[in-house]
1. Averaging the inverse of every distinct alpha carbon separation and then flipping it gives the Kirkwood radius. What is it for the chain, in angstrom units?
2. Quickly estimate the mean residue ellipticity at 222 nm for the chain, helices only: each DSSP H run with n ≥ 4 gives -39500 (n - 2.57), and the total goes over all residues, rounded to 500.
3. In whole angstrom, how far apart do the alpha carbon centroids of segment 43-63 and segment 3-41 sit?
4. Please arrange 137, 38 by counting, for each residue, the other beta carbons lying within 10 Å of its beta carbon, fewest first.
5. If I build a Gaussian network model for the chain, linking alpha-carbon pairs within less than 10 angstrom, which residue out of 65, 173, 120 has the largest mean-square fluctuation?
6. I need the peptides 175-181, 71-77 ranked by packing, meaning the mean over residues of other C-beta atoms within 10 angstrom, with the highest value on top.
7. Quick check on the exposure proxy: order 145, 159, 81 from fewest to most C-beta atoms within 10 angstrom.
8. Would you mind listing how long segment 2-93 runs along its three principal axes, going by Cα atoms, in whole Å with the largest first?
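Where a number appears in this text, it was derived from the coordinates with a stated rule and is not lab data. Please read all numbers here as calculations on a predicted model, not as lab measurements. All Cβ positions, even for glycine, are placed from backbone atoms using ideal geometry, and neighbour counts span all protein chains on display.
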Ligand SMILES: Cc1cc2nc3c(=O)[nH]c(=O)nc-3n(C[C@H](O)[C@H](O)[C@H](O)COP(=O)(O)O)c2cc1C
């Protein structure tokens, strides 16, 4: 069977971000059937304004992210939870991408993970991402879910040190691979 390509999109721009660290950990925990790399950055996206889109079109970094999503077999969103909800920067990035013709999330397998300092690991934000993905007609993967609570106790210098968390992530990625093959026939 051909290897499936995935990209990770972290919802945090912070240098010491636990979500970005989690995203960087995934290639090491992936089954042989998955190749995982980081998506092009959304850090320079302007705040979405339809007038700007009308006047100047899509900024090059928006096109780069959209093309990268279109080119892969699946996307892993690794997101912080801000005020019980979506982090605005990544929501803005997805809003930009969603306005491109043939927006790339349609029929795309998407998995969601989250890491937080608090104990619940982003349980609320994940359901908000699922709601966004309904409108975008993505194939959002359900279970097992990955909520990394108390992230400061599980990462050291950007490395995941918690074996139970690593084991859950391996299960998630294995099941996500099977899900992608089921929905895409690949
Ligand atoms: C604006 C803001 C709002 C936050 N709201 C929540 C929240 O609702 N739930 C939660 O568990 N943690 C919340 N936190 C704490 C984050 O989980 C914590 O800062 C985490 O490290 C952010 O992810 P990152 O490490 O990937 O940057 C919030 C942090 C910020 C900056």
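1. About 16.6 Å, per the Kirkwood formula over Cα pairs.
2. -13000 deg cm²/dmol
3. Each part reduced to its Cα centre gives a spacing of 25 Å.
4. Fewest-to-most ranking of 137, 38: 137, 38.
5. 120
6. 71-77, 175-181
7. 159, 145, 81
8. 45, 33, 21
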